[in-house]
Amino acid sequence: MNNANSGPTASNSGAGINSALSNQAAVAKSVRDALDGKSVVFVGIMGVGKSTIGRRVARLLDLPFVDADAEIEQAADLSIAEIFEKFGEPYFRSGERKVIERVLKDGQQVLATGGGAYMDAETRKTIAGTAVSLWLDADIELIMQRVMRRKTRPLLQNPNPRGVIEDLMAKRNPYYAEADCRFVSHDVSRDTIAAEIVDMLNRKLNPGKDPLVNQ
Ligand code: S3P
C-alpha cells in the first residue's frame, strides 16, 4: 500500500519525518488535482467518525470542511434534537436535503453528512453530480463505543440503542454501498485514518499513477 505512515519513511529521524510529510503532501496534491473541482462527501452510519475524520481529510487536502448537521442547526437556530422534537423527522429530512444541496453549490469542500442523508434519492443524485462519495464504515463494536459517548442523537433515545444501530446498518448499508468508495475504519489514530483515506482516494482517482514520480 502506498501509505505515507508505513515503510522506510516512517522513522523518528528528522529526515524521515520530513520525507513522510512531503510524500503525504504529494499524495494530497495529486488527489486535489484529480478531483478537478469536485468535493469529497462522507456518508455512513452515525458515530463512525464522518465529522472528525472528514475535518482531518479536509486539512490534508487543504479544502474547506463543512458539517451538514451543523449547517442544519445553524439554519434552523435549533439543535438536531430540538428539530426532531418540535417538528418531527420528516421535517428534519427535508431540511437536510435542502441544506446539502445548498452547501454543495458553494464550491469544492469536504462535506460530512448525517447518517440518514444518503437514504434520500435526491441527495444521492446531488452528491453524485458534484462529488466523490466515500462510505466510512466500521464494525458495530467501534460504532457503539463512539455513539455511547454522546447522548444527543434523537434516534438513539431508545432502551436498546445497539438494536437501533443494528437495524439502521441492515437497512442503510445497501445505500451506503452505492458510494464511490468505502473505507473501513479501525482502531488507530484519527490522523492515521485521514492519511489512509487520502491514500485510498489517490489510488481510486489516479489508478496506477505514483504521485512521487513525474510521468
Ligand atoms: C442521523 C444521524 C445524525 C443526525 C440525526 C439523524 C441518522 O448525524 O443527522 O441525528 O438518521 O442517522 P450523525 O451521523 O452525524 O450522527
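The values are calculated or read from the model by the stated rules, or taken from the named source; none is laboratory data. Values in this document were obtained by computation on a predicted structure and should not be read as measured data. In this analysis, Cβ positions are derived from the backbone assuming ideal geometry, glycine residues included, and neighbour counts consider all displayed protein chains.
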Checklist entry - Given the conditions (1) more than 13 Å from the ligand (Cβ to nearest atom); (2) more than 14 Å from the chain's Cα centre (by Cα), and given that Glu71 satisfies all but one, which numbered condition is not satisfied? => result (1)
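This table checks each residue for (1) basic (Lys, Arg); (2) in contact with a Leu (Cβ under 6 Å, 6 or more places away or on another chain); (3) crowded, with 21+ Cβ neighbours inside 10 Å; (4) farther than 14 Å from Leu201 by Cα.
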{"site": "Asn18", "(1), (2), (3), (4)": "no, no, no, yes"}
{"site": "Ala25", "(1), (2), (3), (4)": "no, no, no, no"}
{"site": "Lys29", "(1), (2), (3), (4)": "yes, no, no, no"}
{"site": "Leu35", "(1), (2), (3), (4)": "no, no, no, no"}
{"site": "Gly54", "(1), (2), (3), (4)": "no, no, yes, no"}
{"site": "Val66", "(1), (2), (3), (4)": "no, yes, yes, yes"}
{"site": "Gln74", "(1), (2), (3), (4)": "no, no, no, yes"}
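Being more than 11 Å from the ligand (Cβ to nearest atom), among the aliphatic types (A, V, I, L, M) and free of Cβ contacts under 8 Å to residues at least 40 places away in the same chain is the requirement here; does Ala138 meet it? Show your work before the answer.
On the way: more than 11 Å from the ligand (Cβ to nearest atom): yes; among the aliphatic types (A, V, I, L, M): yes; free of Cβ contacts under 8 Å to residues at least 40 places away in the same chain: no.
No, not satisfied.
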Checklist entry - Looking at Val198, Val184, which is the one that is of a type in the set (Val, Ile, Thr), modelled with pLDDT of 95 or more and in contact with an Asp or Glu (Cβ under 9 Å, 6 or more places away or on another chain)? => result Val184
Checklist entry - Which ones in segment 80-108 are among the acidic types (Asp, Glu), within 11 Å of the ligand (Cβ to nearest atom) and under 19 Å from the mean Cα position of the chain (by Cα)? => result Glu96
Checklist entry - Failed condition for Ile80, given (1) surrounded by 15 or more Cβ atoms within 10 Å (Cβ to Cβ); (2) touching a Gly at 6+ places or on another chain (Cβ under 9 Å); (3) more than 29 Å from Ile197 (Cα to Cα), with all others met? => result (3)
Checklist entry - Only one residue in Ala112, Ala131 is of a type in the set (Gly, Ala, Ser), touching a residue at least 40 places away in the same chain (Cβ under 8 Å) and under 12 Å from Gly44 (Cα atoms), so which one is that? => result Ala112
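Kindly establish whether Glu96 is within 21 Å of Asn173 (Cα to Cα) and loosely packed, with under 14 Cβ neighbours inside 10 Å. Give the derivation first.
Working: within 21 Å of Asn173 (Cα to Cα): yes; loosely packed, with under 14 Cβ neighbours inside 10 Å: no.
So Glu96 does not fit the description; no.
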